[in-house]
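Below: the structure, in structure tokens.
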Amino acid sequence: MKFFVDTADTDEIRDLAATGLVDGVTTNPSLVAKSGRKFLDVVQEICTIVDGPVSAEVTATDHETMLKEGQKLAALAPNITVKVPLTPDGLKTCKSLTDAGTMVNVTLCFSAGQAILAAKAGATFVSPFVGRLDDISSDGMQLISDICQIYSMYDDFETEVLVASIRNPIHLTEAAKMGAGVATLPPSVLRQLYKHPLTDSGLAAFLADWEKTGQSILDS
Ligand code: G3P
């Protein structure tokens with residue numbers, strides 16, 4: 001399973017990339033706005049930090065302008081993945097860009113039917129938003145399960161399921177149990193994954209006992 005981080009904060013990305021656990025980055029217009037930086041500058045910088053796919057989203061809504069924006073973004077770095085919304089124009093743009101060899105992430109997916117359309121349009125990734133479905137009392141993880149099952153039945157569907165809008169470690173572990181190829185994690189959730197109170201208390205007990213021996217590994 002690949003881990004992407006869902007942020008446009010380059011300090012966070014640098015810090016997390018140093019763990020060796022980060023396979024890519026996803027951004028969206030809201031995350032770029034939060035960074036307070038110029039879109040092209042921030043995306044270009046992210047592409048120098050990670051080698052894997054970096055999603056950068058178009059903001060036009062018509063096919064012709066989306067395609068121009070996508071081509072401009074794709075020219076920034078070889079690891080750019082153009083993110084398009086799951087609309088008729090977005091999927092048309094997805095097809096044009098993937099036919100030209102550009103990676104595309106189809107975002108704002110909220111149904112299995114939409115995910116089938118994204119696969120037929122040749123998307124590299126489809127991004128179902130689990131947290132936002134949970135927010136409206138729909139079952140986000142059921143959608144991941146449905147998409148994984150459908151995609152596994154068709155050899156000609158090469159699109160990877162990129163689980164997005166993850167809000168907690170349970171979303172991540174459930175997605176892993178379903179065989180989703182990628183999860184994009186807010187930095188806080190990636191850090192939460194390390195945590196367990198028994199790890200903390202167990203380590204404290206080991207260190208207290210070790211202290212009593214008066215030994216040091218490096219001085220032995
Ligand atoms: O990047 C898309 C997605 O991960 C957004 O998450 O928390 O804004 O629903 P959220």
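Of the helices (runs of 4 or more DSSP H) lying entirely inside the stretch 97-172, those containing at least 1 residues that are of a type in the set (Lys, Arg) and out of contact with any His (no Cβ under 8 Å at 6 or more places or on another chain) are 112-120, 130-135. Where helices (runs of 4 or more DSSP H) fall wholly inside the stretch 27-82, the ranges with 2 or more residues that are within 19 Å of the chain's Cα centre (by Cα) and of a type in the set (Val, Ile, Thr) are 39-49.
Would you check which residues across the stretch 92-129 are closer than 15 Å to residue 66 by Cα and in contact with a Pro (Cβ under 7 Å, 6 or more places away or on another chain) and list them? Within the stretch 92-129, 103, 107 qualify. For residue 102, indicate whether it is at pLDDT 95 or above, more than 16 Å from the ligand (Cβ to nearest atom) and touching a strand residue (DSSP E or B) at 6+ places or on another chain (Cβ under 9 Å). Yes; evaluated as a whole, the condition is true for this residue. Cβ-Cβ contacts under 9 Å between residues 6 or more apart (or on different chains), taken from a first residue in the stretch 173-198 that is closer than 23 Å to residue 18 by Cα to a second residue that is surrounded by 12 or more Cβ atoms within 10 Å (Cβ to Cβ) and among the basic types (Lys, Arg), are listed as 181/2; 182/2; 183/2; 186/167; 189/167.
Would you confirm whether or not the stretch 23-34 contains a residue that is small (Gly, Ala, Ser) and away from the ligand (no atom under 14 Å from the Cβ)? Looking through the stretch 23-34, none of the residues is small (Gly, Ala, Ser) and away from the ligand (no atom under 14 Å from the Cβ). Looking only at residues in the stretch 173-193 that are part of a helix (DSSP H, G or I) and small (Gly, Ala, Ser), the one that is farthest from the ligand (Cβ to nearest atom) is 176. Within the stretch 87-109, restricting attention to residues that are among the hydrophobic types (A, V, I, L, M, F, W, C) and more than 16 Å from the chain's Cα centre (by Cα), the residue that is surrounded by the most Cβ atoms within 10 Å (Cβ to Cβ) is 94.
The values are calculated or read from the model by the stated rules, or taken from the named source; none is laboratory data. Here the structure is a predicted model, which means the values were calculated and not measured. Neighbour counts are summed over all protein chains in view; Cβ atoms, including those assigned to glycine, are modelled from backbone coordinates with ideal geometry.
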